[in-house]
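A.B. asks: Take a look at the following structure, please.
The values are calculated or read from the model by the stated rules, or taken from the named source; none is laboratory data. Small disclaimer: the values here were computed from a predicted structure and weren't measured. Methodologically, a virtual Cβ is constructed for each residue, glycine included, from the backbone with ideal geometry; neighbour enumeration extends over all protein chains shown.
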2 protein chains.
Amino acid sequence: MKAFVAGGAGFIGSHLVDRLIAQGAEVTVYDNLTSGKEEFIQQHNENPRFKFIKGDLLEPALLNKSVVGHDLVCHLAANPQASEGIRQTRLDLEQNTIATYNVLESMRINNVGKILFTSSGTVYGETAGAPVNEEHGPLLPISLYGASKLACEGLTSAFASLFGVRAWIFRLGNVVGPRATHGVIYDLLQKIKKDPTVLEVLGDGHQTKPYVHMNDCVDGMLLCLRRAQDPINLFNLAPSTTTTVKDIVRIVLDSTSHKDARVRYTGGVRGGGGWPGDVTRVQLDCTKAQRLGWNPKFTSNGAVAQTIRSLLEHGS
Amino acid sequence: MKAFVAGGAGFIGSHLVDRLIAQGAEVTVYDNLTSGKEEFIQQHNENPRFKFIKGDLLEPALLNKSVVGHDLVCHLAANPQASEGIRQTRLDLEQNTIATYNVLESMRINNVGKILFTSSGTVYGETAGAPVNEEHGPLLPISLYGASKLACEGLTSAFASLFGVRAWIFRLGNVVGPRATHGVIYDLLQKIKKDPTVLEVLGDGHQTKPYVHMNDCVDGMLLCLRRAQDPINLFNLAPSTTTTVKDIVRIVLDSTSHKDARVRYTGGVRGGGGWPGDVTRVQLDCTKAQRLGWNPKFTSNGAVAQTIRSLLEHGS
């Protein structure tokens with residue numbers, strides 16, 4: 001298999017690359033390194049099955065040339081900061097929606113037949129914390145990040161249908177694990193390192209979400225890629241358990257031995273959320289992936305705890 | 001009320017403008033006249049409550065300036081040719097998705113608090129002809145037109161949620177009526193005018209869809225705008241009846257007195273559809289709008305017959 005991984009130097013992308021290389025695939029990483037890092041993929045530099053192209057998805061000429069000859073595109077490139085849309089409203093449109101159009105168009109031009117796309121549970125918008133499966137509607141995202149992921153799903157679906165591409169779309173929970181470069185765990189660890197006496201936490205602490213460990217996430221994607229063979233394959237991927245921000249704060253303080261730090265919650269902007277557009281209570285019903293054999297090893301709390309340990313050991 | 005109607009010189013837009021003017025509103029039409037026509041709105045030229053700006057939604061500077069001072073934006077501008085996406089894959093991304101982003105951004109900048117957006121039943125993708133209501137999922141459009149309308153819904157939802165805009169989103173059936181400039185009825189009338197002996201029909205004739213008459217469509221939108229006051233209001237709008245393409249052919253031949261014309265079906269490209277991306281069997285459950293008091297006067301067949309009469313009388 002020749003896999004092209006857009007965003008392959010990023011947080012999730014680089015882990016997927018590790019696994020694809022371990023499985024014997026030839027892998028081309030295409031990344032503009034705005035949030036991805038060369039150090040996440042440098043372990044493969046000497047491998048003849050590995051190739052890195054520093055490129056932007058908003059440069060179609062380079063992209064179209066680079067995609068030639070692959071049989072699977074894994075598209076994980078995106079603006080990773082879901083909270084940023086309120087300040088830069090065009091960001092997600094460009095880096096997610098238009099970039100994804102360019103990826104799909106490059107596949108059409110070059111007859112690449114398969115795409116794996118990482119969407120997000122944010123497409124569901126407010127669901128009052130009820131578990132939602134892949135058939136849930138209406139889809140009314142409350143962030144521009146969620147809106148752009150929904151747009152990308154629609155584009156993927158239409159290209160798949162019109163041009164005979166097979167698609168695997170994953171609506172991920174909050175992915176955590178080694179190499180995290182953003183997100184609540186990363187932010188809290190940075191803050192407590194700076195000032196071990198006070199920990200400021202966005203929101204009211206009651207935000208409740210499923211955190212999926214990177215290993216489970218990559219397991220799930222590769223398992224569904226092997227076993228699901230519909231023209232369009234759509235899966236939620238998250239553990240059935242959830243974690244509150246208060247839980248995360250507790251695990252962070254325990255793990256860093258700063259149990260005496262004063263915790264200050266900023267208060268919620270929307271139902272207790274940390275930022276406008278934040279869906280505060282999320283639960284993804286992943287029965288569909290489980291029926292296919294996906295069996296995540298980490299609970300949500302377990303994924304959080306292991307991530308904190310890993311970031312403290314290896315730095316973030 | 002000061003209403004800004006993007007696409008106000010178009011097929012649906014111009015009818016909405018007629019009604020808004022009749023209700024006493026001040027109306028600004030913003031249209032690039034690529035598919036809209038000045039003759040559709042010229043009846044209002046002398047009205048001091050009417051203003052026309054020839055402008056493109058892809059020119060943000062002009063758009064942002066023009067939106068100032070309105071309290072409702074009705075956004076009906078779009079590429080009207082849903083079948084064109086397969087040839088020009090970037091068309092719907094530009095004219096629908098990016099244009100809609102520009103509209104929403106102009107509203108944010110200028111503090112306009114309400115948007116009416118015309119989406120489409122094509123967001124549902126293949127539904128095997130089962131009636132679908134607004135909660136149907138997953139949304140896997142099979143045309144780039146449908147994908148772009150889904151993207152616009154997501155953008156509208158996110159802007160509404162982030163910036164306090166109230167939104168009315170309408171997933172329309174096939175809208176027909178006077179001033180049609182595209183669509184199956186228009187195409188068949190053009191063809192039979194050119195050659196009254198042979199009528200070539202795209203697909204196998206079994207495509208089955210709900211055709212909603214323009215008057216009912218505009219009634220429905222204005223009724224929901226008055227009566228539905230959720231932050232985001234999403235409605236299907238179509239009659240509960242449907243019409244096959246064979247029915248349309250029969251009504252066209254009857255109405256044009258060309259009953260002896262030989263009808264040649266091209267055969268279907270996808271489940272009998274006329275073009276790739278065509279959803280061949282559609283039924284929209286409109287209970288939600290009906291509960292609010294919407295009571296369409298035309299059946300689907302009635303809407304088709306009245307449209308044919310009107311286009312034959314007044315030209316198309």
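A.B. asks: Please specify each residue of segment A:185-200 satisfying the condition of being in contact with a helix residue (DSSP H, G or I) (Cβ under 6 Å, 6 or more places away or on another chain) and either surrounded by fewer than 18 Cβ atoms within 10 Å (Cβ to Cβ) or β-branched (Val, Ile, Thr) (or both).
C.D. replies: Passing the criteria: A:ILE185, A:ILE192.
Residues are listed down the side, and each one gets a yes or a no for (1) in contact with a Pro (Cβ under 7 Å, 6 or more places away or on another chain); (2) in contact (Cβ under 8 Å) with a residue 12 or more places away in the chain; (3) more than 14 Å from every other protein chain (Cβ to nearest Cβ):
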| position | (1), (2), (3) |
| --- | --- |
| B:MET214 | yes, yes, yes |
| B:LEU223 | no, yes, yes |
| B:LEU237 | no, yes, yes |
| B:THR241 | yes, yes, yes |
| B:VAL282 | yes, yes, yes |
| B:ARG291 | no, no, yes |
| B:SER300 | yes, yes, yes |
| B:SER310 | yes, yes, yes |
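A.B. asks: What's the total number of residues in segment A:114-130 that are more than 8 Å from chain B (Cβ to nearest Cβ), in contact with a strand residue (DSSP E or B) (Cβ under 7 Å, 6 or more places away or on another chain) and within 23 Å of A:CYS217 (Cα to Cα)?
C.D. replies: Going through segment A:114-130 one residue at a time, the tally reaches 10.
A.B. asks: Another question, if that's okay. What is the one condition in (1) within 30 Å of B:HIS314 (Cβ to Cβ); (2) in contact with a helix residue (DSSP H, G or I) (Cβ under 7 Å, 6 or more places away or on another chain); (3) surrounded by 18 or more Cβ atoms within 10 Å (Cβ to Cβ) that B:THR181 does not satisfy?
C.D. replies: So B:THR181 meets the others, but not (3).
Residue-by-condition table, conditions (1) surrounded by 18 or more Cβ atoms within 10 Å (Cβ to Cβ); (2) within 17 Å of the chain's Cα centre (by Cα); (3) outside any helix (DSSP H, G or I):
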{"site": "A:CYS217", "(1), (2), (3)": "yes, yes, no"}
{"site": "A:PRO239", "(1), (2), (3)": "yes, yes, yes"}
{"site": "A:ARG250", "(1), (2), (3)": "no, no, no"}
{"site": "A:ASP254", "(1), (2), (3)": "no, no, no"}
{"site": "A:LYS259", "(1), (2), (3)": "no, no, yes"}
{"site": "A:VAL263", "(1), (2), (3)": "no, no, yes"}
{"site": "A:VAL304", "(1), (2), (3)": "yes, yes, no"}
{"site": "A:GLU313", "(1), (2), (3)": "no, no, no"}
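A.B. asks: I'd like the full set of residues that are touching a Phe, Trp or Tyr at 6+ places or on another chain (Cβ under 7 Å) and surrounded by 24 or more Cβ atoms within 10 Å (Cβ to Cβ), limited to segment A:143-166.
C.D. replies: A:CYS152, A:LEU155, A:THR156
A.B. asks: Quick one: which of B:ILE53, B:ILE12 is surrounded by fewer than 19 Cβ atoms within 10 Å (Cβ to Cβ) and away from every other protein chain (no Cβ under 14 Å)?
C.D. replies: B:ILE53 is the lone residue from the list that is surrounded by fewer than 19 Cβ atoms within 10 Å (Cβ to Cβ) and away from every other protein chain (no Cβ under 14 Å).
A.B. asks: Moving on to the next point. Just checking, how many residues over segment A:81-112 are under 25 Å from A:CYS224 (Cβ atoms) and part of a loop (DSSP other than H, G, I, E, B)?
C.D. replies: Total satisfying the criteria: 2.
A.B. asks: Quick test of your reading of the structure: A:ALA160 fulfils all but one of (1) more than 7 Å from chain B (Cβ to nearest Cβ); (2) within 23 Å of A:GLN283 (Cβ to Cβ); (3) touching a strand residue (DSSP E or B) at 6+ places or on another chain (Cβ under 7 Å). Name the failing condition by number.
C.D. replies: Condition (2) is where A:ALA160 drops out.
A.B. asks: Still on this structure, please answer the following. Do we have A:GLY272 as in the same structural domain as A:LYS191 (by TED's automatic domain parsing), surrounded by 17 or more Cβ atoms within 10 Å (Cβ to Cβ), assigned to a loop (DSSP other than H, G, I, E, B) and small (Gly, Ala, Ser) here?
C.D. replies: Yes.
A.B. asks: Same structure, new question: B:PHE170: buried (at least 21 other Cβ atoms within 10 Å of the Cβ), within 14 Å of chain A (Cβ to nearest Cβ), under 19 Å from B:PRO239 (Cβ atoms) and not small (Gly, Ala, Ser), yes or no?
C.D. replies: Yes: the conditions hold for B:PHE170.
A.B. asks: A further question follows. Give, as residue ranges, the strands (runs of 3 or more DSSP E) completely inside segment B:1-80 that count at least 3 residues that are at pLDDT below 95, at positive phi and in the same structural domain as B:SER106 (by TED's automatic domain parsing).
C.D. replies: Once the strands (runs of 3 or more DSSP E) in segment B:1-80 are filtered for at least 3 residues that are at pLDDT below 95, at positive phi and in the same structural domain as B:SER106 (by TED's automatic domain parsing), nothing remains.
A.B. asks: Here's another thing I want to ask about it. Report yes if some residue within segment A:168-183 is over 25 Å from B:VAL132 (Cβ atoms) and of a type in the set (Phe, Trp, Tyr); otherwise report no.
C.D. replies: no
A.B. asks: Can you find even one residue in segment A:259-274 that is within 25 Å of A:GLY10 (Cβ to Cβ) and out of contact with any Phe, Trp or Tyr (no Cβ under 7 Å at 6 or more places or on another chain)?
C.D. replies: Yes; the residues of segment A:259-274 include at least one that is within 25 Å of A:GLY10 (Cβ to Cβ) and out of contact with any Phe, Trp or Tyr (no Cβ under 7 Å at 6 or more places or on another chain).
A.B. asks: Next up: Give me the pairs: first residue in segment A:73-101 and more than 10 Å from every other protein chain (Cβ to nearest Cβ) and over 21 Å from A:GLU59 (Cα atoms), second residue of a type in the set (Ser, Thr, Tyr) and in a loop (DSSP other than H, G, I, E, B), beta-carbon distance under 9 Å, and six or more apart or on different chains, which are they?
C.D. replies: Here the result reads A:GLN81/A:SER35; A:ALA82/A:SER143; A:SER83/A:SER143, each pair linking segment A:73-101 to a residue that is of a type in the set (Ser, Thr, Tyr) and in a loop (DSSP other than H, G, I, E, B).
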